[in-house]
Every structure is written in structure tokens, then in C-alpha cells.
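Participant: I'd like to ask some things about the structure below.
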Amino acid sequence: MMGETELREWVTGLWVRYQGLLLELANYHLRDRDRAQEVVQDTWVDFMKSLGRFEGRCSPKTWLVQILRRRLKKELRRMIFRRAHEAVLGIGE
């Protein structure tokens, strides 16, 4: 088991190593850099909350990408719903 300092260093190292990849993936799917950054931040929060459940059966990279995938699905559904709602109401024409 890691001490608090080792855990902090490990987590910081993961952020430095994978934030660029996560941002690239999010931006590719969302086509909105600001929203992609928000989704990556939300992914990181979810990752931090789930650290107690991380069993090491996959790499931390895989764990982070899976969390990002769930976040992207949720965000894309929200975007589609918002656009459909705006189309019905005639907003943005």
C-alpha cells in the first residue's frame, strides 16, 4: 500500500502522462476544445473518486480512458438532446 506522498506523486505522474491523450480523445469526439477540457476535468474527478476501487487488473491508462468514454457518451447524448430540443423550439435559426 502506498503512503500519502507516494500516492500523490503517482497520481500527479498519471496526470502529466495522460492529460494530453485524454484531451485529444475528448476534443476529437466533441469538436469543442473548451467542452473537451471540462470533460477531461470531470474524468479526472471521477478517477480520483474511484481510486479505492482500482484493483490494478488493468493499467491506469485503460481505467482513465474507460472513465472518459463514459463521460463522452453522457456529453454526446446531452449535446444531441439539446440540439433536438432547440430544433423543436426553433432556437438558433
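Participant: Yes or no: Leu23 in contact (Cβ under 8 Å) with a residue 40 or more places away in the chain and not small (Gly, Ala, Ser)?
Facilitator: No.
Participant: Would you check which residues across segment 28-47 are closer than 19 Å to Ile80 by Cβ and touching a residue at least 12 places away in the same chain (Cβ under 8 Å) and list them?
Facilitator: Matches in segment 28-47: His29, Leu30, Arg35, Ala36, Val39, Asp42.
Participant: Only one of these conditions is not met by Leu51: (1) surrounded by 14 or more Cβ atoms within 10 Å (Cβ to Cβ); (2) under 20 Å from Gly13 (Cβ atoms). Which number is it?
Facilitator: If we test Leu51 against (1) surrounded by 14 or more Cβ atoms within 10 Å (Cβ to Cβ); (2) under 20 Å from Gly13 (Cβ atoms), just (1) comes out false.
Participant: Mind checking which residues of segment 1-31 are open to solvent by less than 70 Å² (accessible area, probe 1.4 Å) and outside any helix (DSSP H, G or I)?
Facilitator: Matches in segment 1-31: Gly3 only.
Participant: Report, ordered by the first and then the second residue, all pairs with beta carbons closer than 6 Å, sequence separation of six or more or different chains, a first member in segment 70-93 that is open to solvent by less than 90 Å² (accessible area, probe 1.4 Å), and a second member that is of a type in the set (A, V, I, L, M).
Facilitator: From residues that are open to solvent by less than 90 Å² (accessible area, probe 1.4 Å), the pairs are Arg71/Val39; Glu75/Val39.
The values are calculated or read from the model by the stated rules, or taken from the named source; none is laboratory data. As the structure is a prediction and not an experimental result, all values here were calculated from the model. Neighbour counts run over all protein chains shown; Cβ positions are idealised from the backbone, glycine included. Just the protein is used for accessible areas: all its heavy atoms, side chains included, with ligands, DNA and RNA removed. Shrake-Rupley method; radii C 1.70, N 1.55, O 1.52, S 1.80 Å.
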